[in-house]
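Visitor: After the structure tokens below, expect a handful of questions from me.
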Amino acid sequence: MYTADKKRERILILGAAGRDFHNFNVFFRSRPQFEVVGFTAAQIPDIACRLYPPELSGGLYPAGLPIWPEDALEEIIIKCRVDRCILSYSDLSHEDVMHLAERVLATGTDFGFLGGRNTMLKSKKLVIAVCAVRTGAGKSQVVRYIADIIRQAGLKAVVVRHPMPYGDLARQEVQKFSSRADLNAADLTIEEREEYERHIDKGTVVYAGVDYQTILDQAEREADVILWDGGNNDTPFFKPDLWITVADALRPGHEISYYPGETNFLAADLIVINKANSAAEEDIITIQANASRLNPKAGVVVAGSEVTAEDPKAISGKRVLVVEDGPTITHGEMAYGAGQVAARRYNAAEIIDPRPYAVGSLKEIFSKFRHIGRVLPAMGYYPQQIRELEETINKAECDSVIIASPIDLRRLIQINKPSTYILYDLVDMDRPYLREKIEEFISKSISKSMRDSASKGD
């Protein structure tokens, strides 16, 4: 039975298994003036009805904290006599944020946010943060590009990824991945593997998990530069020395209409307009104009996302099933992704509609996200969903399959027809180049560090 201490402000954290846990850890966990009654969970399937474990919840919460589905929001507020709800997840339209706020306010409860001053951890090492205005804008390819530049400068970059702890939270407190064997041992979802694998293939160590102060402490011991690889369109957990925000040229206007992507857009030191090689010129100009009007201090770089097929012959003249990155296509609200771009580039005869072949939860995905085009989102948040993805692909009547998930799904599922894997990487297009901006920043930062060291030595 829940019992409330009337002297403490009762807090309910609205989350999606990431930012919510971080906000609790760094702001609420050790402050006795607050009583956190629990978390709600949204966006990600099967992350509710768990416990934030005692091993992580601290001395004020020795029994841990419940995680409820957000659908029960009003009931939880009333039952637990909540004083304030704190929104702690991302990639919501401004309209959706206000609808959520109105639900809370209608109960008489306060609604609020935590800003970077209270949630960003300070690092002893140089931090470059890569965030975005929407999920699927291309953050990770920007991070990979920057990691290569840092490596070529003779420095070591370590990537710290925005959290995706969808399993055993205590076990996932700190995760370090330096090989595919590490990924296999961690029992990850498809979405998690998508974010880690290509970094690892390029020789970059990746950290993630739940407790980001502990993660930062460990990463600092082996990195010259920490690269924050953001999730969705969330703001950084670490205070950046260089704040990069990726805008999506295929979604002009989203940089000023989604939370907290607009925060990233307004706070950025450098804005990268990605996918410009696939976008209309007027859409690029729209984003440039918004940057000039709202964040004139920021540099602006125009870049492309280069799509290549492992086996173009599996596409040319073929009827193809296109499998795209799941989060980009679902709550990222993209009708298609790199797979459809590849189908067109390599002259597929037809892109088949996957809907007639969808089974289980994938049927529900198409029903819920009506904007999806003739593509199949690579959903794999739990084992049964991975099996449903495999069955849907194998039922599809087509000549071949285009795999445009960030990882090669053939390592996780058996596909009964020819297939090809799609790679997409950042390319500089017009000056100022991103490479030049990063090289200049690193050079200036190293020079300043040397001057500071010399001054302390004196």
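Visitor: Would you be so kind as to identify which of Tyr207, His254, Gly230 lies farthest towards the positive end of the dipole of the stretch 172-295, taking Lys and Arg as +1 and Asp and Glu as -1 on Cβ and the Cα centre as origin?
Guide: Value computed over the given set: His254.
Visitor: Moving on. Accessible area of Val300, 1.4 Å probe, to the nearest 10 Å²?
Guide: Number for this one is 40 Å².
Visitor: Just the number, please: percent antiparallel of the DSSP beta bridges in the chain, rounded to the nearest 5.
Guide: Restricted to the chain, the bridges split so that about 20 percent are antiparallel.
Visitor: Would you mind working out the magnitude of the charge dipole of the stretch 149-297 relative to its Cα centre, with +1 at each Lys and Arg C-beta and -1 at each Asp and Glu C-beta, to the nearest 20 Debye?
Guide: 340 debye
Visitor: How much length is gained on full extension from Ala335 to Glu436, taking 0.36 nm per residue of separation minus their Cα-Cα distance?
Guide: Full extension of this stretch gives 33.0 nm more.
Visitor: For the stretch 268-408, build the charge dipole from Cβ charges (+1 Lys, Arg; -1 Asp, Glu) around the Cα centre, then report which of Pro312, Thr392, Leu294 sits farthest towards its positive end.
Guide: Of the listed residues, the answer is Leu294.
Visitor: Something else: Within 10 Å of each candidate Cβ there may be at most 12 other Cβ atoms; applying that plus a DSSP loop requirement, which GluC sites (Glu not before Pro) in the stretch 321-402 survive?
Guide: Filter output for the stretch 321-402: Glu397.
Visitor: May I ask for the net charge around Arg144, where only other residues with Cβ less than 14 Å from the Cβ of Arg144 are counted and Lys, Arg are +1 while Asp, Glu are -1?
Guide: Neighbourhood net charge equals -3.
Visitor: Let me ask something else. Could you tell me how far the Cα centroid of the stretch 38-69 sits from the Cα centroid of the stretch 261-315, in Å?
Guide: 37 Å
Visitor: Let me ask another. Probe of 1.4 angstrom, ligands and nucleic acids ignored: what's the accessible area per residue over the stretch 154-239, in square angstrom?
Guide: Per-residue accessible area for the stretch 154-239 comes out at 31 Å².
Visitor: Oh, and also: Full-extension gain between Arg411 and Phe366, please, as 0.36 nm times their residue separation minus the C-alpha to C-alpha distance.
Guide: Net length gain for the segment: 13.7 nm.
Visitor: Can you list the trypsin sites (Lys or Arg not before Pro) in the stretch 171-228 that are in a DSSP coil and have 13 or fewer other beta carbons within 10 angstrom?
Guide: Lys202, Arg221
Visitor: Okay, next question. Can you match Cα Rg over 2.2 N^0.38 Å to one of these, (i) 0.91; (ii) 1.15; (iii) 0.98, based on a calculation from the structure here?
Guide: Comparing each candidate, only (iii) matches the computed number.
Visitor: For Phe27, tell me the accessible area in Å² from a 1.4 Å probe, rounded to the nearest 10.
Guide: Rounded to the nearest 10, that gives 30 Å².
Visitor: log10 I(q)/I(0), Debye, Cα-only the stretch 244-356, no solvent, q = 0.24 Å⁻¹?
Guide: These q points yield log10 I(q)/I(0) values of -1.29.
Visitor: Sticking with this structure for a sec: How large is the charge dipole for the chain, taken about the Cα centre, if only the Cβ atoms of Lys, Arg (+1) and Asp, Glu (-1) carry charge, to the nearest 20 debye?
Guide: Approximately 660 debye in magnitude.
Visitor: Also: Identify, among Pro69, Gly59, Phe27, the residue whose Cα sits farthest towards the positive end of the charge dipole of the stretch 1-115, taking +1 on the Cβ of Lys and Arg and -1 on the Cβ of Asp and Glu, with the dipole about the Cα centre.
Guide: Gly59
Visitor: Moving to a separate point now. Between Glu350 and Lys444, what is the spin-label point distance in nm, taking each point 7 Å from the Cα along the Cα→C-beta axis?
Guide: Each label point lies 7 Å from its Cα, and together they span 5.6 nm.
Visitor: Could you work out what % of the accessible surface of the chain is carbon and sulfur, using a 1.4 angstrom probe and leaving DNA, RNA and ligands out of the count?
Guide: Carbon and sulfur atoms account for 49 percent of the accessible area of the chain.
Visitor: Treating only the Cβ of Lys, Arg, Asp and Glu as charged (+1, +1, -1, -1), what charge dipole size does the stretch 105-156 show about its Cα centre? Round to the nearest 20 debye.
Guide: About 340 debye.
The values are calculated or read from the model by the stated rules, or taken from the named source; none is laboratory data. The structure displayed is predicted, hence computed values, not measured ones. Here Cβ is always computed from backbone atoms with ideal geometry, including for glycine, and neighbour counts include all displayed protein chains. Each accessible area value is taken on the protein alone, full model and side chains, heavy atoms only, with ligands, DNA and RNA left out. Shrake-Rupley method; radii C 1.70, N 1.55, O 1.52, S 1.80 Å.
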